[in-house]
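The values are calculated or read from the model by the stated rules, or taken from the named source; none is laboratory data. All of these numbers come straight from a predicted model, not from anything done at the bench. With ideal geometry, Cβ positions are generated from the backbone for all residues, glycine too; neighbour counts draw on all protein chains shown. Accessible surface is based on the protein model in full, side chains and every heavy atom, while ligands, DNA and RNA are left aside. Shrake-Rupley method; radii C 1.70, N 1.55, O 1.52, S 1.80 Å.
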Amino acid sequence: MAKLNFKYGAMNAGKSTILMQTAYNYEERNQKVLLVKPTIDTKGDNKVVSRLGIERNVDILLNKDESLLDKKYFDMLKNVDCILVDECQFLTIDQVDDLLKITKLLDIPVICYGLRSDFRSEGFEGSMRLLTVADELEEMPTICECGKKARFNARIVNNEYTLTGNSIEIDNNAKIEYKSLCGKCYETKVKKLSLKKN
């Protein structure tokens, strides 16, 4: 039976790059891949874009009120060997549940790539549902600037760490950057916390 997989990691863990490598591996074996991403991710418009400079067209840009089980997409699932979802943290609970149905009732494997949590270390809706229902979970590692394993995402606005603002800020006029940090750097640099032993 097909599985629903969730591969998650902090910013810059190479999720989109691995997604495109996975698509290539399937196609190299003459298998058909369907690439999906939520429309809220406007980076690259209708493409998945990697920091390494590689990109790939998306087959379906999915709106928040749409489902892959809708009639306009359902026919596209025929003869598909695998569905790959980029930026899956932006999916709704219902959309994740539909992916689960696709794996179990249509026997099509689905591999989702995305962030687990936002810059406030709060879980995204799609990610939290995937952590609950996915058959397989895999953390994709990346490193903090201090060299330790990074699991947190920090937002930097005008060169300052911030914990304010909307969870999703893609087309904002302010200069927004994101950085992956280890737990210690996140607590000390972003939350500005410190504890001392007596």
In the stretch 17-57, what residues are open to solvent by 20 Å² or more (accessible area, probe 1.4 Å) and touching a residue at least 40 places away in the same chain (Cβ under 8 Å)?
I18, T22, Y26, Q31, K32, I40, T42, K43
So which residues in the stretch 74-106 are at pLDDT below 95 and among the aromatic types (F, W, Y), if there are any at all?
F74
Could you please tell me which pairs satisfy a Cβ distance under 6 Å, a separation of 6+ or placement on different chains, a first residue in the stretch 58-79 that is over 19 Å from I40 (Cα atoms) and touching a residue at least 40 places away in the same chain (Cβ under 8 Å), and a second residue that is open to solvent by 20 Å² or more (accessible area, probe 1.4 Å) and in a loop (DSSP other than H, G, I, E, B)?
N79/K32
Examine the stretch 132-155 for a residue that is within 15 Å of the chain's Cα centre (by Cα), of a type outside the set (V, I, T), open to solvent by less than 40 Å² (accessible area, probe 1.4 Å) and closer than 30 Å to Y73 by Cα, and state whether such a residue exists.
yes
Go through the stretch 161-178 and give me each residue that's modelled with pLDDT of 70 or more and assigned to a loop (DSSP other than H, G, I, E, B).
L163, T164, G165, N166, S167, I168, K175
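Yes or no, residue by residue, for (1) closer than 17 Å to C82 by Cα; (2) part of a loop (DSSP other than H, G, I, E, B); (3) under 16 Å from the mean Cα position of the chain (by Cα); (4) of a type in the set (S, T, Y):
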site	(1), (2), (3), (4)
A2	yes, yes, no, no
N5	yes, no, yes, no
S16	yes, no, yes, yes
L19	yes, no, yes, no
L35	yes, no, yes, no
T162, sole failed condition from (1) surrounded by 13 or more Cβ atoms within 10 Å (Cβ to Cβ); (2) within 19 Å of Y113 (Cα to Cα)
(2)
Report, ordered by the first and then the second residue, all pairs with beta carbons closer than 8 Å, sequence separation of six or more or different chains, a first member in the stretch 118-139 that is under 19 Å from G183 (Cα atoms), and a second member that is among the aromatic types (F, W, Y) and assigned to a loop (DSSP other than H, G, I, E, B).
D118/F124
